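First up is the structure itself, then whatever we jot down about it.
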Amino acid sequence: MTDNTYDLSCDCGHVTMRAHGAPELSLYCHCGSCRDMYSVDMLSATGWADDNVELPEESAMFTYAVPGKQMKRFGCPKCGMIMYGRHKPGIPVIPHGVFRKANGGRLPAELAPTLHLFYRERVLDVQDDLPKSEGGEAIGLDG
Ligand SMILES: [Zn+2]
Ligand SMILES: [Zn+2]
């Protein structure tokens, strides 16, 4: 058990939230859904148990449910920064960038990603030593 606490904030400071302890997972996801939802070539993010995050009231956030998918993103209504998302498994997914912002531009070492997910859907090849799961099997997802 770790007792790390991460105080997180959007660009403008209007939205704050907190994560504590250790994430359930930290990874790069190359799937088309994540790329679409976050407008990135791959998502670099952590997933947390609900008990380990203190999230703002939904009514205080900008929210958007992606049509036809069980995915929703939550952001600041003032500056537009995406703070977290909820994906099919349901746990809050907080991008690494949100942690970098709170930590002087660096990802806290204990949050380093451990694998690539849905690597077969990639638009970018990555040469590193992390395991590459072609689909979602590495974390128990179908496909
Ligand atoms: Zn903001
Ligand atoms: Zn994904």
Report summary line: For F62, the residues 5 or more places away or on another chain with a placed amide H closer than 5 Å to its own amide H are G75, C76
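With +1 on the Cβ of every Lys and Arg and -1 on the Cβ of every Asp and Glu, and nothing else charged, how large is the dipole of the chain about its Cα centre, in debye rounded to the nearest 20?
Computed about the Cα centre, the dipole is about 440 debye.
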Report summary line: Taking the alpha-carbon centre of each part, the distance from segment 74-95 to segment 108-125 in Å is 18
Report summary line: HN-Hα couplings for segment 105-110 via Karplus (6.51, -1.76, 1.60; θ = phi - 60°), in whole Hz with x for Gly/Pro, come out as x, 10, 7, x, 4, 6
Report summary line: Nearest-0.05 FRET efficiency for H14 and D50 at R0 = 25 Å, using Cβ-Cβ distance, is 0.65
Report summary line: Whole-Hz Karplus couplings 3J(HN,Hα) for segment 75-85, θ = phi - 60° and coefficients 6.51, -1.76, 1.60, Gly and Pro as x, run x, 7, x, 9, 9, x, 5, 6, 9, 6, x
**Report entry** Rg over Rh [alpha-carbon atoms, Kirkwood Rh] for the chain
**Finding:** 0.94
Report summary line: Between the modelled labels at L115 and K132 (7 Å from Cα along Cα→Cβ) the distance in nm is 1.5
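Each reported figure results from applying straightforward, stated rules to the coordinates on display, with no laboratory input. As the structure is a prediction and not an experimental result, all values here were calculated from the model. No Cβ is skipped: glycine too gets one built from the backbone with ideal geometry, and neighbour counts run over all protein chains shown.
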